Amino acid sequence: MNILDRIIEHKRILVAERKLSLPVDLLEQTEDFSRPVLSLREYLLNEDLTGIIAEFKRKSPSKGWIHEGADVKQITAAYENHGAAALSILTDYEFFGGSNADLEEARFNPIPILRKEFIVDEYQVLEAKSIGADAILLIAACLTRQEIRSLARLARSLGLEVLLELHEEDEIGHICEETGIVGINNRNLKTFTVNMDRSLKMAELIPTELVKVTESGISSLEQITLFKKNGFRGFLIGEHFMKEKEPGIAFASFVNKLKNFVHED
């Protein structure tokens, strides 16, 4: 069983348990369930922002703990203050060291928040809305086309936007009307190896009207410039900052260098 299969198997068990402990009618009563959402798409297209979706995660399945005990409020506030277009919050504990509480604590930031989760059930979409997310991630590698369409429609009915994550060319068919943002993950979720050419090779296959996001393994100014030239508007970066003692300071330094780099270019 590969890593992705293990994660999905665990997730289905966990979702079944959460349905019993926190039913849908209770999710719908939360304050955040009625909160107006922020548009991830609009923030990524905002030329005054960096296009960076700054990710908060403490752990990864392949490397173990990256930043155990990291303070979500402190770090996400620094991300927002220094120009992040949006935040990505891992809410899986078993493999990534995150929780729903992390997203709820980060909700004070006035920018969109993507719930980074392995969504396999409608319950998780409703749950995302209840904890303050503005957008959800749907991963083509673990969902059928019909499942993507159904989950995306539910998300849109709640006002949430959808980032559809692709890994292979044969997943292009998972794109539907409700998936206006498409991410290409440079990391193979079955082996967790990284191939930075993946986004560039698949970029030409994505319809031009969709907002394109590159995910995983991004660590240099040159990479971001190259992706921009190939039509990408979003850059999901997490580990590059989270592995540092002070992720917020690392992010601020990166953004400052990026601005100067782009100006010189």
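The values are calculated or read from the model by the stated rules, or taken from the named source; none is laboratory data. Since we're looking at a predicted model, the values are computed, not measured. So basically every Cβ, Gly included, is an ideal-geometry build from the backbone, and we count neighbours across all protein chains shown.
For every residue, the table says whether it meets (1) farther than 18 Å from E117 by Cβ; (2) touching a helix residue (DSSP H, G or I) at 6+ places or on another chain (Cβ under 8 Å).
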{"site": "R6", "(1), (2)": "no, no"}
{"site": "H10", "(1), (2)": "no, no"}
{"site": "I13", "(1), (2)": "no, no"}
{"site": "A16", "(1), (2)": "no, no"}
{"site": "P23", "(1), (2)": "yes, no"}
{"site": "T30", "(1), (2)": "no, yes"}
{"site": "P36", "(1), (2)": "yes, no"}
{"site": "L49", "(1), (2)": "yes, yes"}
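Inspect the stretch 239-262 for any residue being within 26 Å of E122 (Cβ to Cβ), surrounded by 14 or more Cβ atoms within 10 Å (Cβ to Cβ) and out of contact with any helix residue (DSSP H, G or I) (no Cβ under 6 Å at 6 or more places or on another chain) and give the result as yes or no. Checked the stretch 239-262: no residue is within 26 Å of E122 (Cβ to Cβ), surrounded by 14 or more Cβ atoms within 10 Å (Cβ to Cβ) and out of contact with any helix residue (DSSP H, G or I) (no Cβ under 6 Å at 6 or more places or on another chain).
Residue under question is D48, and the condition is that it be free of Cβ contacts under 8 Å to residues at least 12 places away in the same chain, in a helix (DSSP H, G or I), exposed (fewer than 15 other Cβ atoms within 10 Å of the Cβ) and not aliphatic (A, V, I, L, M); does it hold? Here the answer is no, as D48 does not meet what is asked. Checked across the stretch 187-195, the condition of being over 23 Å from F56 (Cα atoms), without any contact (Cβ under 8 Å) to a residue 60 or more places away in the chain and not β-branched (V, I, T) holds for no residue.
Within the stretch 91-117, the residues that satisfy the criterion of being closer than 19 Å to L40 by Cα and part of a loop (DSSP other than H, G, I, E, B) are T91, R107, F108, N109, P110, I111, P112, E117. Looking across the stretch 75-90, the residues that are of a type in the set (V, I, T) and assigned to a helix (DSSP H, G or I) come down to I75, T76. If you filter the stretch 55-78 down to residues that are touching a residue at least 12 places away in the same chain (Cβ under 8 Å) and either in contact with a Leu (Cβ under 6 Å, 6 or more places away or on another chain) or of a type in the set (D, E) (or both), you find that the one that is surrounded by the fewest Cβ atoms within 10 Å (Cβ to Cβ) is E68. Could you check the stretch 162-175 and list, in sequence order, the residues that are within 22 Å of L38 (Cα to Cα) and free of Cβ contacts under 8 Å to residues at least 12 places away in the same chain? Correct list: empty. Whenever a residue of the stretch 133-161 is in contact (Cβ under 8 Å) with a residue 60 or more places away in the chain and within 15 Å of G183 (Cα to Cα), its partners that are among the small types (G, A, S) and part of a loop (DSSP other than H, G, I, E, B), lying with C-beta atoms within less than 7 angstrom and at least six residues away or across chains, give the pairs E161/S39; E161/G180.
Out of everything in the stretch 58-79 that is under 15 Å from the mean Cα position of the chain (by Cα) and at pLDDT 95 or above, what residue ends up being nearest to T191 (Cα to Cα)? Across the stretch 58-79, the extreme among qualifying residues is R58.
Every listed requirement among (1) modelled with pLDDT under 90; (2) more than 24 Å from T144 (Cβ to Cβ) is met by K243 save one, (1). Could you tell me whether the stretch 137-144 includes any residue that is more than 17 Å from the chain's Cα centre (by Cα), surrounded by fewer than 18 Cβ atoms within 10 Å (Cβ to Cβ) and at pLDDT 95 or above? Among the residues of the stretch 137-144, at least one is more than 17 Å from the chain's Cα centre (by Cα), surrounded by fewer than 18 Cβ atoms within 10 Å (Cβ to Cβ) and at pLDDT 95 or above, which makes the answer yes. The set of residues in the stretch 110-136 being surrounded by fewer than 19 Cβ atoms within 10 Å (Cβ to Cβ) and touching a Ser or Thr at 6+ places or on another chain (Cβ under 8 Å) consists of E122 alone.
Of all residue pairs spaced 6 or more apart or on separate chains, those with beta-carbon atoms under 8 Å, a first member in the stretch 25-41 that is within 22 Å of A54 (Cα to Cα) and a second member that is among the hydroxyl-bearing types (S, T, Y) and crowded, with 16+ Cβ neighbours inside 10 Å are D32/S130.
Considering the stretch 7-45, the residues that are of a type in the set (K, R) and part of a helix (DSSP H, G or I) include one that is farthest from G248 (Cα to Cα), namely K19.
Among the numbered conditions (1) touching a Gly at 6+ places or on another chain (Cβ under 7 Å); (2) more than 19 Å from L160 (Cα to Cα); (3) of a type in the set (V, I, T), the only one that I66 does not meet is (1).
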